[in-house]
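Have a look at the structure below before the remarks.
The values are calculated or read from the model by the stated rules, or taken from the named source; none is laboratory data. As the structure is a computational prediction, the values presented were derived from the model and not from experiment. FYI the Cβ positions are ideal-geometry reconstructions off the backbone, even for glycines, and counts take in every protein chain you see.
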There are 2 protein chains.
Amino acid sequence: MLAAGSYHCLDDFFLARIASAAVIDPPQPAGQPALIGLAEARAAQQRIHPRVHRTPTLSATTLGELFGVRLQLKAELFQRTGSFKPRGVFNKLLTLPAADLERGLVSLSAGNHAAALAYGATALGSHATIVMPATALATKVAATRAYRGEVVLTADDLLDVCQQIQHERNLVLVHPFDDPMVIAGQATVGLELLEDLAELDAVLVPVGGGGLISGIAAVVKAERPQVTVIGVEPVGANAMTRSLAQGSPVRLDRLDTIADGLAAPFAGAHTLRHVQAFVDEMVMVEDQAIADALRLIMQRCKLAAEPSGAAGIAALLSGAVELPAGARVLAVISGGNADPAVLKRLL
Amino acid sequence: MLAAGSYHCLDDFFLARIASAAVIDPPQPAGQPALIGLAEARAAQQRIHPRVHRTPTLSATTLGELFGVRLQLKAELFQRTGSFKPRGVFNKLLTLPAADLERGLVSLSAGNHAAALAYGATALGSHATIVMPATALATKVAATRAYRGEVVLTADDLLDVCQQIQHERNLVLVHPFDDPMVIAGQATVGLELLEDLAELDAVLVPVGGGGLISGIAAVVKAERPQVTVIGVEPVGANAMTRSLAQGSPVRLDRLDTIADGLAAPFAGAHTLRHVQAFVDEMVMVEDQAIADALRLIMQRCKLAAEPSGAAGIAALLSGAVELPAGARVLAVISGGNADPAVLKRLL
């Protein structure tokens, strides 16, 4: 099932594992980063499966009836550390040379990638420093520290501070989304949902930096191109929608959403390329719809999602996505690390 | 695997299905109601499986580590109507003569049995009237009505009002817990958890009227007598603990707990007999421990349990139950119909 052309070939990835990190992301023609495909997703699955949960797909009949569709939920909030992020982190870390793990890792994140990287680094005997915004949720900072990550809080530009620390301490950057190995790790969500659902018409995926939808869409379009893949962004954090419109990664001046996990200040070159290639539609939702969806998911499905994880249902609820009656729809509930104080306010 | 002596034999149940309701619960020597066993549980499973969910068992590694045990959760909050109750309801209703379903059903409940009976009655073309306390949670009353149950709210004694309506309208009583067919339906939870867990040391079960623990304990002790079965009651609703001490069903004057689903004002003759025969230990938990457990289940396991469903974890948290380090423990998360207002207060 390995497609030709723009896909990496499997051997590249095996090589990358034993050679240097530079092999993983070879120079590409400007504006055309490599696309991952089934081979990379399957290699990632082989690599990470002892380290991550194979999360269940749950039927949500009553909730689906509200929207006239047959609804399934991919319960990625049950993943280790409470979000899908460890999939990409482990796929990246397990393909780094041992010397890189010894040097130590650095990244930037508002929360879920921070916790996942700290968890992954500790599990593999490495060490992670994560630059987090001063406004990060206290619970996400605490989780990152609990997994023995070193947290640097800053009010300055995250990427600037991250790169400064990277160079000062000679650390290896593990990007939260814009890395083919991270995308291939997230693509394992796509492999699992296709395994679980023989019949499927549409997939709804929350979009922050775009790593999750890039991986899922690459796998879904390779296996079942007739399935519609729809990305959902908050109105107040719509970097991917704007990047698509502009044709290149956009940097947002301002982020305004309760879905902290989707508040990526920019889309990546790799993720934009995957979204351009594989995603059928991007839609936007207001915070009010996200809050309403969160309550519905809790009351009808008994799942404690975080606001970001509710974006797909918010798209159905608000009418941002309209699907034919009876359509078989899967929404990815991407995480469950809701801050208790935020939850208290939203309920 | 059908035991002799006090167990029903399978044929009794087939007979019951085609004959009259009286066959289901034949007269017993005073104080010695029949015990259900594997045969009744398996017959129930055959009968109800197209009507109920086969719920998953989820590992809860991080939460278990807090207590030094290997913890699994039986996610019965994912059951239809949001609690385990439809198992017993369907097993009862599917063994009633058609004429009884036509007459209509009546029961008493603070909530989860009410919703389950309304759901089951509607699904089978019958009709249910449910007497609920005036203090019942608005969400549980609304759910019962949404499943097309007729709700009678009363400040008087529930059983009195229920029996009055039963006789006035010539309805069939479907007891919320004290009925061998209801107990056999709940016993299917026990069959499933044993299927899922080849290795198991202890099971923690929330106890209200005792239907759930009666069924689970009967199955567990028949299949793996070495597994410890522990029941958990709120301090403010401890009818089973007191009934055990007294040796006969006790009626409580006063109920005081946030776990509305466990606030049964009395233990039943059938359930007490099952608890006496099969349960190793009953423990009690304070509301504070239930609230703390609820938060932990939400934060660590991403499950939106109701307070009753958190009782097993509350027992671990409070030290009411102490198990050897590394013990393989399953806690039944019995329901997820938390009232948003209550949840908001508890978070």
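Structure notes:
- Residues in region A:147-169 that are exposed (fewer than 15 other Cβ atoms within 10 Å of the Cβ) and among the small types (Gly, Ala, Ser): A:ALA155 alone.
- Failed item in (1) in contact with a helix residue (DSSP H, G or I) (Cβ under 8 Å, 6 or more places away or on another chain); (2) modelled with pLDDT of 95 or more, with B:THR139 passing the rest: (2)
- Residue within region B:147-155 that is in contact (Cβ under 8 Å) with a residue 12 or more places away in the chain, within 14 Å of chain A (Cβ to nearest Cβ) and in a strand (DSSP E or B) present: no
- Any hit, region A:111-118, residues being surrounded by fewer than 24 Cβ atoms within 10 Å (Cβ to Cβ) and over 19 Å from A:GLU168 (Cβ atoms): no
- Residue identified as free of Cβ contacts under 8 Å to residues at least 40 places away in the same chain, more than 9 Å from the chain's Cα centre (by Cα) and closer than 18 Å to B:LEU73 by Cα among B:ALA202, B:ALA198, B:ALA217: B:ALA198
- Scanning region A:198-249 for residues being hydrophobic (A, V, I, L, M, F, W, C), in a loop (DSSP other than H, G, I, E, B) and surrounded by fewer than 19 Cβ atoms within 10 Å (Cβ to Cβ) gives a total of 2.
- Sub-7 Å Cβ pairs linking a first residue in region B:45-67 that is more than 11 Å from chain A (Cβ to nearest Cβ) to a second residue that is modelled with pLDDT of 95 or more and in a loop (DSSP other than H, G, I, E, B), at least 6 apart or interchain, are B:ARG47/B:LEU94; B:ILE48/B:LEU94; B:VAL52/B:GLN79, ordered by first then second residue.
- A:GLU76 passes every criterion in (1) buried (at least 24 other Cβ atoms within 10 Å of the Cβ); (2) under 23 Å from A:LYS140 (Cα atoms); (3) more than 13 Å from every other protein chain (Cβ to nearest Cβ) apart from (3).
- Any helices (runs of 4 or more DSSP H) falling wholly within region A:250-347 and containing at least 1 residues that are away from chain B (no Cβ under 14 Å): A:269-278, A:287-301, A:311-318
- Of everything in region A:79-108 that is away from every other protein chain (no Cβ under 11 Å) and of a type in the set (S, T, N, Q), the residue that is nearest to A:LEU159 (Cα to Cα) is A:SER107.
- Tally, over region B:106-126, of residues that are out of contact with any strand residue (DSSP E or B) (no Cβ under 7 Å at 6 or more places or on another chain) and over 20 Å from B:PRO307 (Cα atoms): 6
- The set of residues in region B:269-309 that are of a type in the set (A, V, I, L, M), surrounded by fewer than 22 Cβ atoms within 10 Å (Cβ to Cβ) and under 17 Å from B:ALA60 (Cα atoms) contains only B:LEU296.
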